[in-house]
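What follows is a short report on a single structure.
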Amino acid sequence: MTPNPPARSRAAHWLLAASIILIALNLRPALASLPVLLPEISAGTGLTALGASYLTAIPVLCLGLFAPLAPRLALRFGIEKTLLGVLLLLGLSTALRGTGSLPMLFAASAVAAGAIAVGNVLLPGLVKRDFAAQAGLMTGLYTMAVCGGAAGAAGLSVPLAQWFGHRWTWALAAWAVPAALVALIWAPQALRRGPAADGHQRQRVRGLWRDRLAWQVTMYMGLQSGLAYAMFGWLAPILRERGLDGVTAGWVISASVMAQVATCLLLPSFAIRQRNQSGLNVALALLAGACLLAMLYAPLSLVWGYAALLGLAQGGLFSVCMTLIVLRSPDSQVAAQLSSMAQTVGYLVASAGPMLIGVLHGRTGSFASAGYVYGGMALGAAWFGWGAGRAALVRATREPS
């Protein structure tokens, strides 16, 4: 039998829970702060429409490319120390985006996304390992924190730039501060833990890449993420092109992301209590797609209502998807590997969404054709979400590393 992690005191257990939430709070500002400032960045650097599409797509692509590193780093250094490295690298790369150099902006955004990718993968496994009895609640809390961080960055980045004397560079770099503060809180906990705190870390998982259910979870993850990042990457420019000013467009997105908090908090526990999650997955995907189409084509007088419904749908998609990784896994090691697979392939799939919207905009001169992208991804998410919602476990075996 593999040993269990050392028992923690109640205070240490609550500190760990609070720290997970604070880490999650930092896993989106670097991504969400960039799109709302695209007009200012383009004006200040001469970035073209095609360049802007690359700038929004490359971080999402990096979320997939760097996700496979997470289990290997956790095996070598332990989950806690790896997450400490994530926070430090995230803080440094976010700060470097404020240099004003366009090549550095691309490079630092890619590095920040790589750090976020590792954190994305490790948090579900940490919840499965240390909060198995409260998996629904903890998943809800940390996904709520992820959404809260995104909402804050989307809503505050343009006002921050104005407050800093219309310096978009300072507004981007400012999001390094919370990452650095959380690193200081997390460091004592991380440095006390050994690399083999999880007894399964000395084993490797085999068979996931041949499992149908694992692929359904993966594609569901990818397509719902594609909807999310196509929204993050282009909804502010879409709304600004339709006539909203920059601050209002940023606050519309922030309001939408804040609405995600409700479903992020409530739906994981609800989903766990259901016989399966198939119907829930389909309903959320179709609602998100309909709301994104409304943002494109419906009257702007109702934009706040669409934004709220979109947030409820996308918060549900994200939190239920992360819950599925836990539910479909028999233990924390498989959860970490399924999380890695789902986010590696999923974010590679997701990166096509913002890239395709940017290319179509560059060729047509408008965002009207983005509706085909949103609609296609929503239907795909509904299809794979139906399969991923089946009440079953992925089939995987473990071998000594």
Does anyone have the angle between helix 10-25 and the longest principal axis of the chain? Alpha-carbon axes, 0 to 90°, nearest 10?
30
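Hey, what does the equivalent ellipsoid look like for segment 121-277, semi-axes from the Cα gyration tensor as sqrt of 5 times each eigenvalue, largest first, whole Å?
Working: eigenvalues 226, 103, 46 Å².
Over the Cα atoms of segment 121-277, the semi-axes work out to 34, 23, 15 Å.
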What list of ³J(HN,Hα) values in whole Hz, one per residue of segment 216-223 in order, does the Karplus curve 6.51 cos²θ - 1.76 cosθ + 1.60 (θ = phi - 60°) give from phi, with Gly and Pro shown as x?
5, 4, 5, 6, 4, 4, x, 6
Output ordering of 228-237, 152-161 (per-residue mean of other Cβ within 10 Å, highest first) is 228-237, 152-161
From Cα pairs below 8 angstrom and at least 6 apart in sequence, can you work out the relative contact order of the chain, rounded to a whole percent?
28
Taking 22-28, 88-94 and ranking on average Cβ neighbours within 10 Å, highest first, one gets 22-28, 88-94
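Listed highest first by mean packing, meaning other Cβ atoms within 10 Å per residue, what order do 252-263, 386-397 come in? All intermediate terms of the calculation are to be shown ahead of the outcome.
Numbers: 252-263: 23.7, 386-397: 17.5.
The packing order, highest mean first, is 252-263, 386-397.
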Would you calculate the volume per residue, in Å³, of the smallest convex hull containing every Cα atom of segment 23-182?
99
Interchain or long-range residues, amide H under 5 Å from residue 204's placed H:
399, 401
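Sum -39500 (n - 2.57) across every DSSP H segment of at least 4 residues in the chain, then divide by the residue count to get the 222 nm mean residue ellipticity, nearest 500. Write down the numbers at each step before the final one.
Numbers: 17 runs with 312 residues, N = 401.
Helix-only estimate at 222 nm: -26500 deg cm²/dmol.
Tell me, what % of the accessible area of the chain is carbon and sulfur with a 1.4 angstrom probe?
Details: 10440 of 15300 Å².
Ligands and nucleic acids excluded, carbon and sulfur give 68 percent.
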For segment 25-146: relative contact order, % (alpha-carbon pairs under 8 angstrom, 6 or more apart):
34
Taking the dipole of the chain about the Cα centre (Lys, Arg +1; Asp, Glu -1; charges at Cβ), the one of 166, 283, 295 that reaches farthest to the positive side is 283
J(HN,Hα) series, segment 130-142, from Karplus relation 6.51 cos²θ - 1.76 cosθ + 1.60, nearest Hz, glycine and proline x:
10, 9, 4, 6, 10, 4, x, 5, 5, 4, x, 5, 6
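Give, in nm to one decimal, the length gained when the segment between residue 209 and residue 242 is fully stretched (0.36 nm per residue of separation minus the Cα-Cα distance). Can you show the working numbers first?
Numbers: separation 33, 0.36 × 33 = 11.88 nm, distance 4.33 nm.
Once the chain is fully extended between residue 209 and residue 242, it gains 7.6 nm.
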What residue among 60, 43, 339 has its Cα farthest toward the positive end of the dipole of the chain, where the charges are +1 on Lys, Arg and -1 on Asp, Glu, each on the Cβ?
339
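Enter the accessible area per residue of the chain (Å², integer; probe 1.4 Å; all protein chains in place).
Details: 15300 Å² over 401 residues.
Ligands and nucleic acids excluded, the figure is 38 Å² per residue.
Could you size up the charge dipole of the chain around its Cα centre, putting +1 on the beta carbon of Lys and Arg and -1 on that of Asp and Glu, and report it in debye to the nearest 20? List each step's numbers first, then the result.
Working: 26 positive and 9 negative charges, 224 e Å.
Result for the chain is approximately 1080 debye, rounded to the nearest 20.
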Spin-label zone in segment 259-285 - amide nitrogen under 17 Å from a point set 7 Å from the Cα of residue 132 along the C-beta vector:
none
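Counting other Cβ atoms within 10 Å, which trypsin sites (Lys or Arg not before Pro) in segment 226-275 have at most 11 and lie in a DSSP loop? Before the final figure, lay out each step's value.
Working: sites: 240, 242, 273, 275; in loops: 242, 275.
Here the trypsin sites (Lys or Arg not before Pro) that fit, given the DSSP loop and packing criteria, are 275.
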Average Cα contact separation per residue, segment 277-317, under 8 Å, 6 or more apart, as relative contact order %
54
3J(HN,Hα) from dihedral phi, segment 299-305, Karplus parametrisation 6.51/-1.76/1.60, rounded to Hz, x for glycine, proline:
x, 5, 4, 9, 4, 5, x
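The values are calculated or read from the model by the stated rules, or taken from the named source; none is laboratory data. Note that the coordinates shown come from a computational prediction; the quantities given were computed from them, not determined experimentally. FYI the Cβ positions are ideal-geometry reconstructions off the backbone, even for glycines, and counts take in every protein chain you see. Remember, those area values only see protein heavy atoms, side chains included, never the ligands or the DNA or RNA. Shrake-Rupley method; radii C 1.70, N 1.55, O 1.52, S 1.80 Å.
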